[in-house]
Amino acid sequence: MPPTKRRFNTTGPCIANEHYMLPAQQRCADLMPLVEQKSYFVVHAARQSGKTTTIRDVVNHLNRNGRYYALYCSLETMQGCNDERMGIPQIIQVIKSAIGHSDLTTPREFGIPVNSSNCSIAAKDSFSSFCAMLDKPLVVMFDEVDCLSNGVLISFLCQLRNGYIERDRTPFIHSLALVGMRNIRDYKGTVRDDSSTLGSASPFNIVKESLTLRDFSRDEVAALYGQHAQDTGQAFPSDAIDRAFYLTQGQPWLVNAIAMEIVERILRDDTTHSISAAHVGQAAERIIQRRDTHIDSLLERLKEKRVQRIIEPVLTGESGRVNPLNDDFAYCLDLGLIKSIDGRATPANPIYGEVIARTLSYRTQMEMAEARLPIALERFMTNGRLDIHVLLSDFQKFWRENSAIWVEKYQYKEAAPLLVLQAFLQRVLNGGGSIGREYAAGRGRTDLCIDFKGSRYVVELKIRRDAKAIEKGVEQLAEYLDTLGEKEGSLVIFDRRPRIPWKQRLFSRTRKTKAGHIIRIFGC
């Protein structure tokens with residue numbers, strides 16, 4: 001039988017002979033010493049970050065090594081089970097099934113001992129009985145632990161803890177990992193109110209380390225893409241790898257999704273075609289527009305109040321330094337929506353940042369289309385170029401007439417002015433150009449770079465809360481223009497000070513900086 005053609009994978013765990021994948025040891029080098037030290041630990045990372053692929057690879061490595069029996073066990077089927085009297089026996093059946101379907105050359109007699117009818121000790125006794133039959137230490141990786149809830153979660157963690165404590169007298173698991181999206185401090189159920197966590201009172205306070213899977217480095221992206229080049233001769237050039245790494249920041253699902261989009265959909269598996277950086281941008285835009293299941297499920301979280309409390313300041317650029325122990329901040333980090341730079345939240349990568357803004361402004365775009373507002377692209381074209389000044393002047397009029405209506409439609413009311421303008425711009429361009437967004441964490445602004453027919457138009461958006469906002473905005477925009485190598489830009493100031501009449505809010509003026517930048521300021 002000919003070898004299976006390997007592909008980039010975005011659906012489920014990777015399989016070595018079917019998918020391009022990186023060795024697990026590269027991403028979790030700290031894990032192996034914990035196994036050696038008989039430690040119990042947590043591995044947590046965002047959805048679609050390669051947890052299952054990595055943990056399964058670790059289990060296979062441990063079994064090949066021969067010093068341990070290693071078992072991978074997913075608790076995903078336990079979703080929604082809240083009663084420990086039903087849940088603990090079900091967990092035992094899941095473990096028994098995992099053993100039966102594993103490659104372990106061990107005894108298969110796993111189950112509740114005859115003398116253990118109490119569900120509060122049944123899982124502990126089952127493992128003790130099983131480990132007593134083994135001639136090597138047992139290592140267990142429990143995946144999808146997040147699926148356990150309420151009494152089942154508490155009971156299961158308590159039994160694992162008791163087994164750990166009594167290991168010097170009774171055989172038990174040598175080393176164990178709880179794998180999921182959340183850190184152990186965030187494991188909780190409705191047995192406690194929504195604001196509390198298991199915290200220091202966790203029944204699993206025996207955890208030695210709480211590890212997370214980092215995203216791919218630039219070199220790892222190159223290594224993954226290099227496997228495709230080795231198999232097919234179709235290489236990803238250095239500038240394409242750079243572009244992919246910038247847009248994804250190494251997020252594993254996105255890294256694979258971009259490559260798969262290029263290879264299978266854009267180039268239709270024709271390996272005679274060369275891959276370019278432009279293909280990477282095209283693939284990213286398709287992924288953003290298509291909103292695959294992974295992205296769609298992630299963005300459903302934007303409706304949650306605890307997510308809004310973190311994301312809204314990110315959108316306005318007003319995200320200050322956050323206590324890393326803040327539950328909302330930690331939750332958004334664990335979801336993979338954000339990353340922390342100097343203690344400030346910012347989108348985890350440019351693709352997520354773009355999707356967040358488009359998602360929150362999408363309804364406005366559609367309603368603008370249904371209302372047949374006079375914002376056709378032709379109105380804003382002069383000699384083949386986009387007349388950004390006419391466009392923003394028209395937006396000022398639109399904002400005065402409609403702001404009260406549009407802002408009330410938004411859950412994210414603080415960010416609503418910026419989102420409405422972005423929806424307005426997106427509707428005008430309507431696929432004829434692209435809008436790049438930069439979230440300046442802690443700088444009180446959002447920067448836009450419109451790419452249209454080979455020309456760039458720089459627009460900075462800022463909320464005015466005090467008298468210094470305009471001067472600060474001019475200074476910041478000049479810095480951004482320097483970064484892009486541009487001489488002209490537009491600053492849009494949304495005056496959110498109370499009781500300021502429209503006559504003072506609406507204005508248009510031009511400033512020239514000492515460095516020679518031409519900045520047009522639009523008050524809204």
(1) more than 21 Å from GLU401 (Cβ to Cβ); (2) not in a loop (DSSP other than H, G, I, E, B) all hold for LYS503 apart from (1)
Within region 465-494, which residues are modelled with pLDDT under 90, of a type in the set (Lys, Arg) and either within 13 Å of GLY317 (Cβ to Cβ) or in contact with a strand residue (DSSP E or B) (Cβ under 6 Å, 6 or more places away or on another chain) (or both)?
-> ARG465
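Yes/no matrix, rows are residues, columns are (1) at pLDDT below 90; (2) closer than 19 Å to TYR69 by Cβ:
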position: VAL94; (1), (2): no, yes
position: HIS101; (1), (2): yes, yes
position: PHE127; (1), (2): no, yes
position: PHE130; (1), (2): no, yes
position: LYS136; (1), (2): no, yes
position: GLY151; (1), (2): yes, no
position: LEU160; (1), (2): no, yes
Residues located in region 309-326, provided they are of a type outside the set (Asp, Glu) and either surrounded by fewer than 18 Cβ atoms within 10 Å (Cβ to Cβ) or not in a helix (DSSP H, G or I) (or both) = ARG309, GLY317, SER319, GLY320, ARG321, VAL322, ASN323, PRO324, LEU325, ASN326
Answer yes if at least one residue in region 426-435 is within 29 Å of LYS339 (Cα to Cα), among the polar types (S, T, N, Q), outside any strand (DSSP E or B) and touching a helix residue (DSSP H, G or I) at 6+ places or on another chain (Cβ under 9 Å), and no otherwise.
-> yes
Would you be able to say whether some residue in region 48-67 is assigned by TED's automatic domain parsing to the domain that holds CYS131, of a type outside the set (Phe, Trp, Tyr), under 18 Å from HIS174 (Cβ atoms) and assigned to a strand (DSSP E or B)?
-> no
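Here are some residues: THR346, THR271. Which one is at pLDDT 90 or above, surrounded by fewer than 16 Cβ atoms within 10 Å (Cβ to Cβ) and outside the structural domain of TYR439 (by TED's automatic domain parsing)?
Step by step, each of THR346, THR271 is checked, and only THR271 is at pLDDT 90 or above, surrounded by fewer than 16 Cβ atoms within 10 Å (Cβ to Cβ) and outside the structural domain of TYR439 (by TED's automatic domain parsing).
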Taking region 68-106 on its own, how many of its residues are in a loop (DSSP other than H, G, I, E, B) and free of Cβ contacts under 8 Å to residues at least 60 places away in the same chain?
-> 6
Name the single residue, out of those in region 387-422 being among the charged types (D, E, K, R), more than 18 Å from PRO501 (Cβ to Cβ) and modelled with pLDDT of 90 or more, that is surrounded by the fewest Cβ atoms within 10 Å (Cβ to Cβ).
-> ASP387
Within region 327-334, is even one residue within 26 Å of GLU285 (Cα to Cα) and either without any contact (Cβ under 8 Å) to a residue 60 or more places away in the chain or crowded, with 21+ Cβ neighbours inside 10 Å (or both)?
-> yes
Going through region 414-448 in order, the residues found to be more than 23 Å from the chain's Cα centre (by Cα) and without any contact (Cβ under 8 Å) to a residue 40 or more places away in the chain are LEU425, GLY431
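Conditions tested, residue by residue: (1) within 29 Å of ILE341 (Cβ to Cβ); (2) polar (S, T, N, Q); (3) at pLDDT 95 or above.
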| residue | (1), (2), (3) |
| --- | --- |
| HIS174 | no, no, yes |
| SER195 | yes, yes, no |
| THR212 | yes, yes, no |
| ALA222 | yes, no, yes |
| GLN227 | no, yes, yes |
| ALA244 | yes, no, yes |
Among what's in region 140-175 and is under 20 Å from VAL94 (Cβ atoms) and acidic (Asp, Glu), pick the residue that is surrounded by the fewest Cβ atoms within 10 Å (Cβ to Cβ).
-> GLU144
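The values are calculated or read from the model by the stated rules, or taken from the named source; none is laboratory data. Since we're looking at a predicted model, the values are computed, not measured. In this analysis, Cβ positions are derived from the backbone assuming ideal geometry, glycine residues included, and neighbour counts consider all displayed protein chains.
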